[in-house]
Each structure stands twice: as C-alpha cells, then as structure tokens.
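What follows draws every value from the coordinates through simple rules; no lab data is involved. Quick caveat: nothing in here was measured; it's all calculated off a predicted structure. Every residue, glycine among them, receives a Cβ derived from its backbone with ideal geometry; neighbour counts consider all protein chains shown.
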Amino acid sequence: MKARPIILILTASLTLAALVAVAAEETAPSPGYVEFGKLLPPASGGQFIEVNLKDNLISMVARLAEKQEPEIADLIRGVKQVRVNVIGVGDENRDSIRQTIQKVRTDLDTRGWERVVTVQEGKQDIGVYVKTRGTEAVEGLVVTVFEAEHEAILVNIVGDIRPEKVALLGERLNIEPLKKVGAALNKS
Amino acid sequence: MDSMHPAAGAASPASRVPIPPSPSPRRRWVTRGAVILLLAGLGWMVVGCLRETEAHALRRVLLSQMGGDWQQQVHVRIGPILCTCVRVAAGFLDLEPEVHQALSAIRGAEVAVYRPHARPDLARRSDALRHADEVMRQQDWDRVVAVIDGHDLVAVYAPSRMDSPRDAGCCVLVLDPEVLVVVSARADLQPLLELVRTKTRWPQRLARTGT
C-alpha cells in the first residue's frame, strides 16, 4: 500500500519531535534557579566553599529521613537543588564580588523576584529573595550576604516548597533565619 | 577360525572396558550453560578489575594537573567480595554491635595516599579541581562539595544517579602541601544512619531544641 511509507514517516517524525520537546524541557532551568556566574576561589588562598546538592541526593536523603522525621522528609522532597557559595573577601576580589552580588540582585528584581528580607547593619549587607507561584508554593529562594572585610555568601534553593513548611522547619531545627523567612513568606 | 575375527561370544580384553553412557541432551545443555555462565562471570570480574574506577580517574587527573613527583604511600582496594568475607569473618569475632553494624553497611572501599617529593604549587589547585570535575563528569559523578581554606582543599563527589540509599557511593579528595588522599566508598546508608542516630540521638535533640 502506498499510504504505509507515509504513515511510517509521519509516526517517526512525531516521535522524534516529542523526544526533542521532552529533552528541551528537561534541560531548561527551573524558574527558581538563579545563575551566580563564575565564582573563583581567591588567589591568596582565602576561604572558598561551594555546595551543590541535586535532586538525586536530596530525594535519597528524604527517603532516609521518612520513617523518623516525616515532616522534614516531606519538606526536603519539595527541594530540587541547593547551591551555596562562600567566598573569602580580600583586597584582590572585593570589588568583583560586590559587582557580582549587585548583578544578581538586579537580575532578581528584573525577573520579578520578591525581596522579603533586607538587612544593612554596619558592614553587613543581607538580602533574601523569593520566587513564588501564586500563594501555593515557593519555587526559589536566594540569600545574598556581603561582608566587605570578611566573606560573601550566595545561596539558591530551587524547588516546590510550601511556605508554612519553611516556617515549621525553622521552628523544629531552631534556625532563626529560616523562622524569619517562613514568617515573611506566610505574611506575603 | 580366523584369529583376526574373534568368535562370537568370546570377549577380548579391550571389549571388557565399559563404555560410559553418552550424556542426555538435557545434561549437555545444562553443562554448556554452566560453562558459559562461568566464563561470563570470569569475564565480568576481569573487566571490573581493568575498568578505571572513579577514584583512579580522580587520582590520575590531580597528579597530572598538580605536576611534580608524587610517591604512593598507600593503596588499598576492597571489593564487594572481600567485604562480604570480612563481614562473615567478623561474625565469628566478639566485636561491638556498632562495629558489626558498620561492617554490614560497607560494600566496597578504595584508599590511596600520595606524598610529594617537593611542595606542590597550590596556585594550580583551581585548575586541577576544574579538570577533576570534567573527568568525574565523564564517569557520571558530580561534585557535591568543595572547600578551599588556606593550604587545604577538600572535595566530595557523588554519582549522578543514585537509585537507592542501599547502594550509595562517594569519593572524597583531600589535598594539602604534604599529602594527597583519595577515598572512594560504596555503602548501604540505612544501617549507617541508624548508627549515627543511635550514637548522637539527634532526633531527641531536635525535639528538645524545637520546643
């Protein structure tokens, strides 16, 4: 039959298009993901810490914690990625790190992230930003800390997190910053 | 009577040797299957020994990137079979329950220690770490943690895919001016977590701090 090759070609084309679409969706970054740029260790050997926990590790931790701590496991399960950068600030990198943090904050403001906490105390400059999906969930959390004589800290948490669970986790683990963030999220 | 043709009924010495019955076709197939499985198992073990482990790949790239001469001090590799033997042997010994619990968790480990002949150039650490990341990514391992503090570098890698906490792996690298240590291990995390929970009592501590 003459129609058979055409049907085969159409089926193959549709399958290929579907596979390409799925691959594109998988490689697209999550809405809560924020690119910090290239952060290099200070040349003078100062402190540099980089943590990057992806969803495979996080979901494994959630499975381990499920029996004993189901609430924490439930919260962790909503997290897809955790990135933390701590960089020692010295004369050779102070300006570049300040510019990096400013660029990140400007980018977040442009993309509609909400600044929920701002602290400027002495030489310490702290900003906490969240990206929410309506009132349902927090898709991303960014914390920027800059201490001109000491260190800079950048944190990005990506996931599908319920605001009330952030506050609960802060209460259960007695983590003050999390309590504040949770309270701010519940208010907004 | 022709001597070349023994008379019927007269048995010659050669004809007294009993001829074994030929194996049945089923037994032949079972034997062939067992031989094939044995050869496949041996081949798998040989390939496993020859395949570059992630720890070996990490050592190789770090030593080449840091440059200089390094002397191997220690290299120990314990595979799953040896771990099982150690677990079985430990069962006959009077050890602490925690030791048995820890031994039951370990699936394999590899430790290598190198010392430099001359102090390495620590300015090459960042590039060395970047190359290590690329090599480990080819092995489907991601860097989870990196810490540089003064002269010390510590990095931790984990497999990109970990389907179950019963077979979790990690690779740790420690580099300072006097030593390079690479440790790789695979373990069942459940008994280890139970051990940590029992020893540190962290759930109770969490409950106390939460109130």
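Numerical summary
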{"quantity": "Against the rule of thumb 2.2 N^0.38 Å, how large the Cα Rg of region A:42-178 comes out", "calculated": "1.14"}
{"quantity": "Estimated FRET transfer efficiency (B:Leu42, B:Ala118; beta-carbon r; R0 45 Å; 0.05)", "calculated": "0.55"}
{"quantity": "Long-range amide H partners of A:Val89 with built H, under 5 Å", "calculated": "A:His150, A:Glu151, A:Ala152"}
{"quantity": "Aspartates and glutamates with Cα under 15 Å of A:Lys103, excluding same-chain neighbours fewer than 8 positions away", "calculated": "A:Glu35, A:Asp95, A:Asp125"}
{"quantity": "Backbone N under 19 Å from the B:Leu82 label point (7 Å along Cα→Cβ), restricted to region B:178-192", "calculated": "B:181-188"}
{"quantity": "Neighbour net charge for A:Thr132 - beta-carbon separation under 10 angstrom, K R +1, D E -1", "calculated": "-1"}
{"quantity": "Phi-based couplings in Hz for region A:141-155 (Karplus 6.51, -1.76, 1.60; Gly and Pro marked x)", "calculated": "9, 10, 10, 10, 10, 10, 10, 4, 9, 9, 7, 10, 10, 10, 10"}
{"quantity": "For region A:25-85: rounded, prolate or oblate by the Cα gyration tensor [a/c cutoff 1.5]", "calculated": "oblate"}
{"quantity": "Whole-Å semi-axes of the ellipsoid equivalent to region B:113-196 (Cα gyration tensor, √5λ, descending)", "calculated": "27, 15, 10"}
{"quantity": "For region B:34-44, 3J(HN,Hα) per residue [Karplus equation, 6.51 cos²θ - 1.76 cosθ + 1.60, θ = phi - 60°, Hz, x = Gly/Pro]", "calculated": "5, 5, 4, 5, 5, 5, 5, x, 5, x, 4"}
{"quantity": "Vicinal HN-Hα couplings computed from phi for region B:140-146 (Karplus, 6.51 cos²θ - 1.76 cosθ + 1.60; Hz; Gly/Pro x)", "calculated": "6, 10, 10, 7, 9, 9, 9"}
{"quantity": "Rel. contact order, % - alpha carbon contacts under 8 angstrom, at least six apart, region A:26-103", "calculated": "37"}
{"quantity": "Extension gain (nm, one decimal) between A:Asn56 and A:Gln99, 0.36 nm per residue minus Cα-Cα", "calculated": "12.2 nm"}
{"quantity": "Percent antiparallel among DSSP beta bridges (both partners in region B:55-211, rounded to 5)", "calculated": "100"}
{"quantity": "10 Å Cβ neighbours from other chains, averaged over peptide B:135-147", "calculated": "3"}
{"quantity": "Net charge contributed by nearby residues that have their C-beta within less than 12 Å of A:Val86 (K/R +1, D/E -1)", "calculated": "-3"}
{"quantity": "Within-15-Å neighbourhood charge of B:Pro21 [Cβ basis; K, R +1; D, E -1]", "calculated": "+3"}
{"quantity": "For B:Asp142, residues with placed amide H under 5 Å, excluding near neighbours", "calculated": "B:Ala158, B:Ser160"}
{"quantity": "27 Å Cα-Cα threshold exceeded, pairs from A:Lys54/A:Lys123; A:Lys67/A:Lys131; A:Lys131/A:Lys165", "calculated": "A:Lys54/A:Lys123; A:Lys67/A:Lys131"}
